[in-house]
Amino acid sequence: MIFNNKKKKKKKDSSDAVILLDKVSKSYSSGSPALDNVSLSIKKGEFVFIVGDSGSGKSTLIKLLLRELTPTSGRVVVNGYDMDRLRRRQVPKFRRNLGIVFQDFRLLNDRNVYENVAFAQRVVQTPTKEIRKNVPKALAVVGLAGKYKAKTKQLSGGEQQRVALARALVNEPPILLADEPTGNLDPKNSWEIMKLLERINEEKGTTILVVTHNREIVNAMQKRVITMKKGVIISDEEKGGYIDED
Amino acid sequence: MRISTLFYTLKQGVINIFRNKWFSLASIATISACLFLFGLFYTVIVNFQNMIKSAEEGVAITVFFDEDVTQEQMEQIGAQIQERSEVSRVEFISADQAWADWAPTNIGEDYGDIFAENPLVGSDNYEIYLSDVSLQRDLVTWLESVPGVRDIKRSELVADTLTGVNAIVAYVSVGIIAILLAVSVFLISNTVVIGISVRKAEIEIMKYIGATDFFVRSPFVIEGILIGLIGSGIPLAAIYAIYFEVMEYVVVEFPALTDLMRFLPVGEVFRTLLPISLVLGAGIGFLGSFVTVRKHLRV
């Protein structure tokens, strides 16, 4: 079913967009809409920043892309999966197309580095032999090959975020969503994480979507920047910068 | 499901018990306490019922015959009585046997010198023991209609009292067991809810990575079942040990009561208590974890 759904959508959307929002609105039970008629297209292999103040709709956007929420109106298509047609039991398979990195790392603190990364492979039922090959490779990409035995609490914030990144990458997802990945890191570690994301984007062709408040990084990296305000996209620029609203 | 995934899930279930040792201990203690009370109450009730049953078995109806009834007719009536479903045992006591049983204790060993002939002639009778004392009235009504039956001696007071006690014990035990189970489920599910809520983040991570509900839930359910089984094993062992101690104590300290208080063999009590407790423990563990994890699966 997923395959059919995917095929159908791919045929319909002739563009090579891996993320497509078409006139999407999302309202909660009270207050103004979190997203208001948002349309957006992100192509395969793009590196995109989503910026905006609190309440601008960034988190709602991420939740829609994760299929944690469904839109009130409009259409969301991620890697060929139409969120509207996706049944609840198809969600796990869909999410395996996404790597996710959170501001607070969300590691399993009672397990070591290796187990945290291997966990993502176990979820998709990768054979143990494969896991033993893939986990060290993913840890090597983020520069933590030597720390696979360490408990996550023994690591610095930057290292913990690298573990989260390795976990997000180990299944080689076509899309990586990073929600404030540098929010808990110092400038040095923030830069290292961003450079790592850029390298993954360039070397593996992974589509990367980063939600951030980090003005310096956004301005320095010269990537596509989508700025949101009160649930609406107010700017979408190639090689853009952080828009000052003051 | 891959075999490696199955083993991983089982292993995680076992490891989780040690990872969350305080929650595991709290859950095991709660289940143990509740099932200990349940097991103790069950043991007391089945023994009490056994004592009542023993008392019931001692209640007999005595049937006397008309003087002209022949031995052959008496045997026919005896066969008919034996066929009745409410009858457990029938004993024929001839007039000679009745005299020989009664006279030595009530007259003296020289009763033969005083009475040359058996004064109880014509008192051949059947002593009927019932399988269910509450059916005594039905049997008496039937016996009264049998030709040749002269008189029926019975104790309605004893039969009615035992029937009443039996009914009260049945109602009270069902009520108390129901309350105990309800309290157990409430306490245990609360403990499980707290334990799993603490791990809400872990469940969320699994869901974001793309784990199916089954994959997320399985280790928790295995953990719940194991905790339930351990929690039911402890009170079973305790009751087993206590049971022997109590039996020995009563026999040694109150020898006079041993006729009245006939304990069931421990094997007979455990034949029912063991499977019920294990199923309850595992069932409560399974349900508690299954339902509680479900609340957190909608991510």
Relative contact order (%) - chain A, alpha-carbon pairs under 8 angstrom, separation at least six: 26 percent
Connecting C-alpha atoms closer than 10 Å in a GNM of chain B, tell me which of B:Asp138, B:Asp151, B:Asp110 has the biggest fluctuation. B:Asp110
With springs only between Cα atoms under 10 Å apart, run a GNM on chain A and tell me which of A:Ile50, A:Ile175, A:Ile131 wobbles the most. A:Ile131
Per residue of B:208-219, what is the mean number of Cβ atoms on other protein chains within 10 angstrom of that residue's Cβ? 6
Quote the Stokes-Einstein diffusion coefficient, in whole µm² s⁻¹, for the stretch B:142-299, based on the Kirkwood radius over alpha carbon pairs, a temperature of 25 °C and a viscosity of 0.890 mPa s. 121 µm²/s
Quick one: which of B:172-183, A:76-87, A:156-167 comes out on top by average Cβ neighbours within 10 Å, and what's the full order, highest first? A:156-167, A:76-87, B:172-183
Please give the helix B:71-83 orientation as an angle from the longest Cα principal axis of chain B, in degrees from 0 to 90, rounded to the nearest 10. 10 degrees
Cut-off 18 Å (backbone N to label point 7 Å along Cα→Cβ of B:Tyr240), residues of the stretch B:250-279: B:264-279
Which entries in A:Lys58/B:Lys207; A:Lys44/A:Lys230; A:Lys58/A:Lys230; A:Lys23/A:Lys230; A:Lys26/A:Lys239 show an alpha-carbon gap greater than 19 Å? A:Lys58/B:Lys207; A:Lys44/A:Lys230; A:Lys26/A:Lys239
Using the alpha-carbon atoms, what tilt in degrees (0 to 90, nearest 10) does helix B:21-57 show relative to the longest principal axis of chain B? 10 degrees
Partner shielding of A:91-99, taken as the mean number of other chain Cβ atoms within 10 Å, equals 4
Taking every pair of Cα atoms in the protein assembly as shown, average 1/r, invert it to obtain the Kirkwood radius, and report Rg/Rh to two decimals. 1.31
Sequence-separation-based contact order of chain B, relative, with Cα cut under 8 Å and 6+ spacing, percent: 32 percent
Calculate for chain B the 222 nm mean residue ellipticity that helices alone would give, adding -39,500 (n - 2.57) per DSSP H run of length 4 or more and normalising by residue count, nearest 500 deg cm²/dmol. -25500 deg cm²/dmol
Taking amide H atoms as placed 1.01 Å from N in the peptide plane, list the residues 5 or more away in sequence, or in a different chain, whose amide H sits under 5 Å from that of A:Lys44. A:Val18
So what's the stretch B:220-299 giving for Rg/Rh, alpha carbon basis, Kirkwood Rh from the mean inverse pair distance? 1.26
Using 10 Å bins from zero, what percent of all Cα-Cα pairs in chain A falls into each bin? 7, 31, 36, 22, 4, 0
From zero up to wherever the largest Cα-Cα distance of chain B sits, split into 5 Å bins and tell me the percent of pairs in each. 1, 5, 9, 10, 9, 9, 8, 8, 7, 6, 6, 5, 4, 4, 3, 3, 2, 1, 0, 0, 0
Compactness check, the stretch B:60-154: C-alpha Rg relative to the 2.2 N^0.38 Å globular estimate gives 1.18
What percent antiparallel are the DSSP beta bridges of the protein assembly as shown, to the nearest 5? 65 percent
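All of the numbers you see were taken from the coordinates with simple rules; none came from a lab. Keep in mind it's a predicted model, so treat the numbers as computed, not measured. Note that we place each Cβ from the backbone using ideal geometry, even for glycine, and neighbour counts take in every protein chain shown.
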